[in-house]
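Student: The structure's right below; bear with me while I get my questions together.
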Ligand SMILES: [Fe+2]
Ligand SMILES: [Fe+2]
């Protein structure tokens, strides 16, 4: 499964810190479970990993671990955007919508990580925790700082990921990945439209220069995602795609790339241009 994300390039290296997760347990875990009972409600334990060819199983463990890491990074991105929404004194109901996103992403982190465990365990990801997202220039005024992040993380990253996640969900045949992806798709629907709701409120307060700044922020993110697509394109292997797809059900690379290009046009470029954000890529 390839995940679209609008934040930054992944800094995975032999040196960085290991991406590991833990739960504190007891009362704290119980309160978390009460907040999001859907995690425990997933059909855990229904997947017989021994029936999946070992190559496909290893690739799936790697893909779900990478998905957990992407969700972790998105959690950081939506938290940074939430802070900026407070700083620019966005409307209370708009901030309230964004306030549930960090918890949504945290749930996605746990779902993806536990899916990797069901397949035999997570794989090693090393990263630099200080380089997970690119912060906007702190000298920018608060409204533009919020706009800079929301355009990158939501109008590009989250808006693009909805149709791709939905495609992956439809391709999933086993009840467990299907339930997990279904949950993520339901949460992401709101994340994907949020950026444009914010822009519709913020744009009257931004002048032409500031709109051009937002256009450049979108350009950089779109370019970074196009680079990820190049990597998917050069690594694709039809025979492998089909084996993994049969075992676990995710989109074949060519279908993913076609959908991604279509979504970039209809869900990202067109709505940004319609709002007068000048994008050039
Ligand atoms: Fe997510
Ligand atoms: Fe999200």
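The values are calculated or read from the model by the stated rules, or taken from the named source; none is laboratory data. Just so it is clear, the structure is predicted and the values come from calculations on it, not from any experiment. All Cβ positions, even for glycine, are placed from backbone atoms using ideal geometry, and neighbour counts span all protein chains on display.
Student: Give the residues of segment 37-54 that are surrounded by fewer than 12 Cβ atoms within 10 Å (Cβ to Cβ) and not in a helix (DSSP H, G or I), sorted by residue number.
Tutor: If the condition is that a residue be surrounded by fewer than 12 Cβ atoms within 10 Å (Cβ to Cβ) and not in a helix (DSSP H, G or I), then 37, 40, 41, 45, 46, 48 are the ones that fit.
Student: Being farther than 23 Å from residue 186 by Cα and part of a helix (DSSP H, G or I) narrows it down to one of 83, 34, so name that one.
Tutor: On inspection, the qualifying residue turns out to be 83.
Student: Right, residue 133: farther than 16 Å from residue 214 by Cβ, within 16 Å of ligand 2 (Cβ to nearest atom) and not in a helix (DSSP H, G or I) or not?
Tutor: yes
Student: Next question, about the same structure. Tell me which of these residue 217 doesn't satisfy, since it passes every other one: (1) surrounded by fewer than 20 Cβ atoms within 10 Å (Cβ to Cβ); (2) part of a helix (DSSP H, G or I); (3) more than 17 Å from the chain's Cα centre (by Cα).
Tutor: Single failed check for residue 217: (1).
Student: Please specify each residue of segment 267-280 satisfying the condition of being more than 16 Å from residue 159 (Cα to Cα) and loosely packed, with under 13 Cβ neighbours inside 10 Å.
Tutor: 280 - this is the single residue of segment 267-280 that is more than 16 Å from residue 159 (Cα to Cα) and loosely packed, with under 13 Cβ neighbours inside 10 Å.
Student: Give the residue that is nearest to ligand 2 (Cβ to nearest atom), with candidates limited to residues of segment 89-118 that are farther than 28 Å from residue 25 by Cβ and crowded, with 20+ Cβ neighbours inside 10 Å.
Tutor: Applying the filter and picking the extreme gives 98.
Student: Among the numbered criteria (1) within 16 Å of ligand 1 (Cβ to nearest atom); (2) crowded, with 19+ Cβ neighbours inside 10 Å, which single criterion is violated by residue 190?
Tutor: (2) is the only condition that residue 190 fails.
Student: Just to be sure, is residue 205 at pLDDT 95 or above and either touching a strand residue (DSSP E or B) at 6+ places or on another chain (Cβ under 8 Å) or crowded, with 17+ Cβ neighbours inside 10 Å (or both)? Steps first, please.
Tutor: Working: at pLDDT 95 or above: yes; either touching a strand residue (DSSP E or B) at 6+ places or on another chain (Cβ under 8 Å) or crowded, with 17+ Cβ neighbours inside 10 Å (or both): no.
Answer is no for this residue.
Student: Next question. Got a sec? Which of 62, 57 is assigned to a helix (DSSP H, G or I) and over 22 Å from the mean Cα position of the chain (by Cα)?
Tutor: Every option except 57 fails the conditions.
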